[in-house]
1. One residue is enough: does region 23-40 have a residue meeting the conditions assigned to a strand (DSSP E or B) and in contact with a strand residue (DSSP E or B) (Cβ under 7 Å, 6 or more places away or on another chain)?
2. So R375 passes all but one of these: (1) touching a Pro at 6+ places or on another chain (Cβ under 9 Å); (2) at pLDDT below 90; (3) part of a strand (DSSP E or B); (4) not polar (S, T, N, Q). Which condition number does it fail?
3. Exactly one of (1) free of Cβ contacts under 8 Å to residues at least 60 places away in the same chain; (2) in contact with a Ser or Thr (Cβ under 7 Å, 6 or more places away or on another chain) is unmet by S95. Its number?
4. Assess whether T145 counts as being modelled with pLDDT of 95 or more, within 17 Å of the chain's Cα centre (by Cα) and of a type outside the set (A, V, I, L, M).
5. Regarding T119, is this residue in contact with a Gly (Cβ under 6 Å, 6 or more places away or on another chain), under 30 Å from I262 (Cβ atoms) and assigned by TED's automatic domain parsing to the domain that holds V296?
6. How do the pairs read when you match residues in region 6-33 that are over 26 Å from P53 (Cα atoms) and of a type in the set (F, W, Y) with residues anywhere that are at pLDDT 95 or above and buried (at least 16 other Cβ atoms within 10 Å of the Cβ), using Cβ under 6 Å and keeping only pairs 6 or more apart or on different chains?
7. Name the one entry in E285, E251 that is crowded, with 22+ Cβ neighbours inside 10 Å, acidic (D, E) and in the same structural domain as P53 (by TED's automatic domain parsing).
Amino acid sequence: MSDQVRYWAKEIETMPRAQLQDLQLRRFKELATRCYTKVRHYKQKFTDMKITPDDIKTLDDVKKFPITVKADLRDNYPFGLFAEPMENIVRIHASSGTTGKPTVVGYTKHDVDDVWTETMARSLVCAGVWRGDVVQNAYGYGLFTGGLGAHFGCERIGAAVIPMSGGNTERQIMLFQDFGSTVLTATPSFAAYLAEIIKQQKIDRKLIKLHTGVFGAEFWTEKMREKLETAFAEVNATGKFNAIDIYGLSEIEGPGVSNECIFKKGNHIWEDHFLAETIDPKTGEPTAPGEPGELVFSTITKEGIPLVRYTTKDITSLNYEKCDCGRTHVRHAKITGRSDDMMKIKGINVFPSQIEYVLMKIPGVAEHYEIIVERDILDKIKVRVELTPKTFSDSMAELENLKRTIEKELYTTLQINVAVELVAPNTIPRSIGKAKRVIDMRKEG
């Protein structure tokens, strides 16, 4: 693991902000023109708002344009938002979609080669990955964007990539040892499970060469980062491990929209390709730098399915200060949750990330938990908390004290009473993809 700062495209990554903003303005005008002339949905939206691409004079004029939401993609399923004919589309991906039709995204050769692969290459180098590394890619391959996005980025920078996809836990661990994998790309929940199994199997740590994990596709807290770094440091040859956050979403690109550098002070958004804003989820008005809001992107270089001011529903804040690594591109703070994941319990707004923050700072609590929301006259919430083997072997009195401690900490953070159920190791179902943390019985009842 190297603390050396490297760049993939130094001139762009360290571009002065004034120059970067000039580039964004020119490219947003091109995006608006592309949408206005090639996408019927946007032509109608712009016409209804009495606005055209000619009205763009400064970056502030971006705020005049309509917000795009996921329903717009579903309403135009499958190809209604494409700006290019099918003979120019070389790749089609789709989100899993929990209800109804999935959201479909098309990529031209330019989108794959010059945007997605290039930003993934930057992201990996930003995270401390370099040629000579062996990257075990445990993101899912297929319609999900994760696997192929990371795969092409690895090849672009000259790292060796193992296209493992998710699952196959025993084979994953075998290849860690046999192939000398140095980097793991995966969801944080699956990574936690792999570290747990390595420890259980008492594998000789000299055989585990992992120095970095590039984790994303689900929100995770700083406390989860500490748990992951400690868990992998305990089982690898160097005794060190960096857990780095990567961010993306299928509607915009897939992984590689932003990435932490080795200083872990926020995710760098590659602003020459993605124009970022944050807005108040209730009013739609912009929020100031440093203030939390919904993250919004305009895809200022994409051809296949260009999107104007797409709201991700992810809650974060933006930091425009130059990073210690020398990069000038705006950083967003760790995603704290989604505006549509918020649970209303007894009149209080509760985010799953708040619960994870509390759990991960308490000794003896494992990385696996479930949040169960039920309705019995009033809504109520319970958290099933898995314990480490050492903690679970404690006396009943000690376990009862731990339960009370967790309930007290949750009340202090949430200001509502939360029932806690302590469960044995390996009780909570493990995830090979995105972890399902919340079970909302109100929706099922």
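1. No; the residues of region 23-40 include none that is assigned to a strand (DSSP E or B) and in contact with a strand residue (DSSP E or B) (Cβ under 7 Å, 6 or more places away or on another chain).
2. Exception for R375: condition (1).
3. Unmet condition: (1).
4. In short, no.
5. When the stated conditions are applied, T119 passes them.
6. Y7/E13; W8/A121; W8/R122; W8/V125
7. E251
So that you can scan it fast, the table gives a plain yes or no per residue for (1) at pLDDT below 95; (2) at negative phi; (3) small (G, A, S):
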site: W130; (1), (2), (3): no, yes, no
site: D133; (1), (2), (3): no, yes, no
site: A159; (1), (2), (3): no, yes, yes
site: P163; (1), (2), (3): no, yes, no
site: N168; (1), (2), (3): yes, no, no
site: T185; (1), (2), (3): no, yes, no
site: S189; (1), (2), (3): yes, yes, yes
site: A192; (1), (2), (3): yes, yes, yes
site: E196; (1), (2), (3): yes, yes, no
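The values are calculated or read from the model by the stated rules, or taken from the named source; none is laboratory data. Treat the numbers as computed from the prediction; the structure is a model and nothing was measured. Using ideal geometry, Cβ is built from the backbone for each residue, glycine included, and neighbour counts are taken over all protein chains shown.
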